[in-house]
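What follows is a set of notes on a single structure, which appears directly below.
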Amino acid sequence: MRQAQEATCACHLMVLKMMRSDDRSAAPAFSWWIALSKAIRRETLIGWLFVLPALTMYAVFVLVPFLLSVRYSFYRWDGIGPMTWVGFKNYRTVLEVPNLLETIYNAFRLVAYFSFIPVTLGLVVASVMYRVATGSFGAAARTVLFLPQVIPLVAAGIIWGWLLALPGLINEILRAVGLGSVTRAWLGDFDWALPSVGLIGIWVLLGFCTVLLWTGMTKLDPALYESARIDGAGWFTEFIKITVPLLRHEIGVCLTVTVTAALAAFDIVYVATAGGPGNATAVPGIQIYILAFTQQRIGLASALAVMLMILVLVVILPIQRLSRETTL
Amino acid sequence: MRISRAELWAGRSLLFGLMAITILPFISIFMTALHPSGTVPRGLEWPDDPQWGNFVEAFKVAEMPALLASSTFIVLAVVPVALAISTMAGFAIGHLRIPGSRALLFLFVFGLTLPFTGIIVPLYYLERDMGIYNTRLAIVLPLIGLYMPFAVFWMRAHFVNMPAEISEAARVDGVSTWGLFWRIHLPLARAPISSLGILMSVWTWNQFLIALVLVEDPTQRTMAGALGAFQGHYATDIPLLCAGTVIIVLPTLVLFVLFQRQIIAALLQGSVKG
């Protein structure tokens with residue numbers, strides 16, 4: 001290793017020296033080229049050695065499984081016996097069986113709760129925070145609102161599983177304000193289970209969106225607001241005309257994170273409802289897990305997995321495009 | 001900025017309300033955890049006779065010492081390795097700009113949108129074939145791989161903004177590529193590396209799906225994975241389940257309060273760059 005390093009050192013020096021003396025004659029110019037191309041080749045080799053460990057781990061544990069997912073999706077396989085080629089049949093099954101197609105529909109319903117509400121509400125809360133919460137009160141508010149983001153999603157699922165239970169806190173509050181008639185086991189109710197899971201998502205993601213958007217606001221030029229106020233702009237005009245357009249990038253980030261969290265949801269749903277009651281909160285992540293590990297239908301699970309990956313890509317790419325002036 | 005009194009109070013009450021909504025769930029499970037084991041208490045009620053022993057009981061049945069050791073081991077195995085290899089790759093792609101950098105970057109970025117659920121099934125069969133299923137390596141190795149798209153992207157974003165002059169000056173002094181990386185660029189990259197380290201530690205500690213699928217023994221899992229198993233066993237004993245949840249969440253909460261500024265900054269930067 002040491003020798004190789006010294007060799008490269010020598011090589012660089014040689015190139016540098018030759019660069020200084022390249023105006024002398026044709027013969028040194030020729031050997032200058034050889035030395036340079038050697039140095040470049042060596043440089044390239046060393047550069048690739050730098051990338052190699054990361055690339056290997058990524059290839060073995062992400063790219064290979066990804067390609068295997070695509071491969072499995074064209075077979076019928078129980079995980080043990082021989083694999084049978086079935087072409088696109090698994091994909092057709094996902095699109096034709098209502099229970100499977102419903103998982104994709106549920107994922108999009110979750111987007112409304114995980115993404116739309118936290119981002120919209122986050123914008124409002126962040127702009128309120130920016131205006132009224134300075135100093136230590138603001139810092140305390142941000143710390144507290146951020147708490148749900150650092151605990152495991154599984155813990156959020158368990159905590160809210162209890163809060164939303166029949167004897168839980170939510171029903172108790174409802175009874176206290178005279179709404180005793182609407183109390184129920186929220187996560188066990190066919191109509192309310194999905195919105196309840198959505199509520200958990202809002203609790204987890206609202207603080208994250210708020211703090212992120214607030215950070216964006218603090219980077220804006222206060223003079224913009226000053227001049228708007230001189231023109232007599234109120235809070236709402238200021239919000240629509242200045243804050244939202246200038247925070248395009250931060251809003252894009254919030255949308256990307258929250259939409260991915262919704263479409264690829266697993267932890268919260270697994271712990272809070274496991275997809276039930278019936279199929280009411282089944283999302284692709286849960287369905288893939290059930291198909292593969294309890295029903296041993298690897299091909300079908302993989303087809304759903306491939307569709308989920310395409311779905312996330314198709315939804316995220318336009319958001320990224322819109323929120324960035326310059327792509328990669 | 002001049003703000004009317006009315007707005008000030010309205011705004012602050014809104015924030016207080018939201019803070020209360022955020023905190024209340026934690027208070028509720030804490031109080032529930034103090035009720036006698038096996039009872040079904042009300043949502044928010046201080047017990048007549050607080051059962052502090054529930055925490056001891058949960059500490060024992062959740063095998064907390066083993067869990068803490070396991071989670072710590074997994075974090076310590078994943079994070080340094082992932083940091084080292086992603087920093088090197090980010091340096092080569094972002095700063096050395098080796099031939100093929102663009103293609104490499106594209107390849108890594110492709111992985112950014114891949115949900116874990118999409119590749120978990122083949123990962124299971126792959127690990128069975130490799131013989132690492134149901135060991136801690138079954139969590140450690142895939143996590144390192146799964147973090148690569150983000151980590152390389154993150155480190156590249158740092159190195160791509162480093163002025164080329166720094167390296168040119170060092171080259172004239174005869175510094176090798178490795179020396180350039182180790183002695184010049186690594187010390188300058190301390191800030192993004194530590195943010196990335198915090199991020200990956202939190203993600204690893206909280207990782208659930210990988211642990212659930214690839215390791216059967218809860219004491220070999222991450223904290224979050226063990227919590228899932230705990231819920232499976234004690235779903236009906238609500239006070240004990242709450243006590244277990246409190247204990248498992250506590251280390252994260254304490255760390256967060258201690259390092260809140262760094263963690264918030266890291267998580268936010270992480271999402272902005274991602």
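Couple of notes before you dig in:
- Axis of helix A:2-20 versus longest Cα principal axis of chain A: the two differ by about 60°, to the nearest ten degrees.
- Straight-distance crosslink candidates among aspartates and glutamates, where the alpha carbon sits under 20 Å from A:Lys219 and sequence neighbours closer than 8 are dropped: A:Glu238, A:Glu250, A:Glu325
- Placing a pseudo-label 7 Å from each Cα along the Cα-to-Cβ vector at A:Val60 and A:Val244 gives an inter-label distance of 5.0 nm.
- Residue-averaged [θ]222 nm for chain A, counting only DSSP H segments that reach four residues, each worth -39500 (n - 2.57): -23000 deg cm²/dmol
- Value of Rg to Rh for region A:123-230, rounded to two decimals, is 1.12; Kirkwood radius and Rg both from alpha-carbon coordinates.
- Neighbour-count ranking [beta-carbon atoms within 10 angstrom, fewest first] of B:Tyr125, A:Tyr105: A:Tyr105, B:Tyr125
- Unit charges on C-beta of K, R, D, E only; dipole of region A:52-142, Debye: 140 debye
- Dipole-positive endmost among B:Ala103, B:Leu126, B:Ala84 within region B:36-187 (Cβ charges, Cα centre): B:Ala103
- Applying 1/(1 + (r/R0)^6) with R0 = 22 Å to the Cβ-Cβ distance of B:Arg190 and B:Arg97 gives a FRET efficiency near 0.45.
- Cα-derived Rg over Rh, computed across region A:81-140 with Rh taken as Kirkwood radius: 1.44
- Residues B:Leu83, B:Leu112, B:Leu199, sorted so that the one with the fewest Cβ neighbours within 10 Å comes first: B:Leu112, B:Leu83, B:Leu199
- Over all directions, the projected convex hull of the C-alpha atoms in the protein assembly as shown averages 33.8 nm² in area.
- If you wrap the Cα atoms of chain B in a convex hull and average its projected area over all directions, you get 20.7 nm².
- Quotient of the Cα radius of gyration of region A:32-137 and 2.2 N^0.38 Å, N being its number of residues: 2.01.
- Among B:Leu68, B:Phe159, B:Ser37 the positive-end extreme of the charge dipole of chain B (Cβ point charges): B:Phe159
- Taking only alpha carbon atoms, region A:92-323 gives an Rg to Rh ratio of 1.04, where Rh is the Kirkwood radius.
- For region A:92-323, the residue among A:Ala141, A:Trp162, A:Thr243 whose Cα projects farthest onto the positive side of the dipole built from Cβ charges is A:Thr243.
- Nearest-20 debye value, the protein assembly as shown charge dipole, Cβ charges on Lys, Arg, Asp, Glu: 1540 debye
- Placing +1 on each Lys and Arg Cβ and -1 on each Asp and Glu Cβ, with no other charges, gives region A:92-323 a dipole about its Cα centre of roughly 140 debye.
- Residues A:Trp235, B:Trp46, arranged from fewest to most other Cβ atoms within 10 angstrom of their Cβ, appear as B:Trp46, A:Trp235.
Any read-out appearing in this document is the output of simple, stated calculations on the displayed coordinates, not a laboratory observation. As the structure is a prediction and not an experimental result, all values here were calculated from the model. Counting neighbours? That spans all protein chains shown, and the Cβs are built from the backbone with ideal geometry, glycine included.
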